[in-house]
1. Return yes when Ala61 is within 27 Å of Ala170 (Cα to Cα), of a type in the set (A, V, I, L, M) and not in a helix (DSSP H, G or I) and no when it is not.
2. If you take the residues in region 51-81 that are hydrophobic (A, V, I, L, M, F, W, C) and either touching a strand residue (DSSP E or B) at 6+ places or on another chain (Cβ under 7 Å) or without any contact (Cβ under 8 Å) to a residue 40 or more places away in the chain (or both), which one is surrounded by the most Cβ atoms within 10 Å (Cβ to Cβ)?
3. Any residue at all in region 94-101 that is more than 12 Å from the chain's Cα centre (by Cα) and either of a type in the set (Lys, Arg) or more than 30 Å from Pro161 (Cα to Cα) (or both)?
4. Here is a list: Ala126, Ala165. Which entry is touching a helix residue (DSSP H, G or I) at 6+ places or on another chain (Cβ under 9 Å) and either at pLDDT below 95 or aromatic (Phe, Trp, Tyr) (or both)?
5. For region 34-45, what are the residues that are crowded, with 17+ Cβ neighbours inside 10 Å and in a helix (DSSP H, G or I)?
6. Take the residues in region 67-84 that are of a type in the set (Asp, Glu) and assigned to a loop (DSSP other than H, G, I, E, B); name whichever of them is nearest to the chain's Cα centre (by Cα).
7. Counting just the residues of region 172-196 that are of a type in the set (Ser, Thr, Tyr) and within 14 Å of Phe97 (Cα to Cα), which one comes out modelled with the lowest pLDDT?
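The values are calculated or read from the model by the stated rules, or taken from the named source; none is laboratory data. On a predicted model such as this, the values are computed, not experimentally measured, just so you know. When we count neighbours, we look across all protein chains shown, and the Cβ atoms used for this are built from the backbone with ideal geometry, even at glycine. With ligands, DNA and RNA removed, areas are computed over all heavy atoms of the protein, side chains included. Shrake-Rupley method; radii C 1.70, N 1.55, O 1.52, S 1.80 Å.
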Amino acid sequence: MVRKTKEDAEKTRQDIIGSARTVFHECGVSRSTLEKIAKEAGVTRGAIYWHFKDKAELFFAMREDVFAPMVERTDSLLFSEAYDNPLDAIEASLKEFFRVLDDCPVVREVFEIMISRCEYVDEFAAVQEEAGRPAYEFLEKMERFYRKAADKGALRLGLDPEATARDTWAFTSGLLHLMLGCQKGSDLDKRIPAMITMHMALRRRA
């Protein structure tokens, strides 16, 4: 009975997160209310407060519900011992990121919410730094692996690992915005792997 109760509570929590994602995506975060989310989830507002203290906490739970598995998948390639060259590991992890984004509508929805449907004002002004944390963690990983590439003699001569990491950060961010904003029927998703390969080729030592 206790296990059943815990399972029911976790199902309700996941239902709320899924409903929040739907409402945030349809209405925008600032115009979404807990009442709308509760109605979408088929629960009371009190049930939401049982699991989340406010809309900001629910927002982060929605993000982590997608980001944690995404990071696990990309990091499994980035830190894989299968790649002797750190640049190969970076290339594989970037391609996996965009492959998941293209294949999984839920992941794409969350990124669209984060980038174009959330205004970091009012109650969200104080959480903007935390909302940007994954991007800075990505930058730190890129710098770490470019330094490893330089140490192994794989990075093109004259390239600074820190500046190169920031360039890849900007490239990835720009590609993400392009992908999320592209019209239906665009072939950008098919071009992305080749674009990543070219981006990395310019960093490889001849």
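1. Numbers: within 27 Å of Ala170 (Cα to Cα): yes; of a type in the set (A, V, I, L, M): yes; not in a helix (DSSP H, G or I): no.
It is false that Ala61 is within 27 Å of Ala170 (Cα to Cα), of a type in the set (A, V, I, L, M) and not in a helix (DSSP H, G or I).
2. Here is the first cut: in region 51-81, the residues hydrophobic (A, V, I, L, M, F, W, C) are 52, 56, 58-62, 66-68, 70-71, 77-79.
Retained after the next criterion (residues that are either touching a strand residue (DSSP E or B) at 6+ places or on another chain (Cβ under 7 Å) or without any contact (Cβ under 8 Å) to a residue 40 or more places away in the chain (or both)): 52, 68, 70, 77, 79.
Numbers: Phe52: 21, Ala68: 10, Met70: 18, Leu77: 19, Phe79: 12.
The residue in question is Phe52.
3. Checked against the condition, which is being more than 12 Å from the chain's Cα centre (by Cα) and either of a type in the set (Lys, Arg) or more than 30 Å from Pro161 (Cα to Cα) (or both), region 94-101 yields at least one hit.
4. Working: Ala165 fails: either at pLDDT below 95 or aromatic (Phe, Trp, Tyr) (or both).
None of the others qualify; the one that does is Ala126.
5. Of region 34-45, the ones crowded, with 17+ Cβ neighbours inside 10 Å are 34, 36-38, 40-41, 43.
Within region 34-45, Leu34, Lys36, Ile37, Ala38, Glu40, Ala41 qualify.
6. Of region 67-84, the ones of a type in the set (Asp, Glu) are 72, 75, 81, 84.
The next check asks that each one be assigned to a loop (DSSP other than H, G, I, E, B); those that pass are 81, 84.
Details: Glu81: 24, Asp84: 26 Å.
Checking each candidate, the answer is Glu81.
7. Ser173
Conditions (1) assigned to a helix (DSSP H, G or I); (2) in contact with a helix residue (DSSP H, G or I) (Cβ under 6 Å, 6 or more places away or on another chain); (3) open to solvent by less than 50 Å² (accessible area, probe 1.4 Å), marked per residue:
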position	(1), (2), (3)
Asp8	yes, no, no
Ser19	yes, yes, yes
Ser32	no, yes, yes
Ala47	yes, no, yes
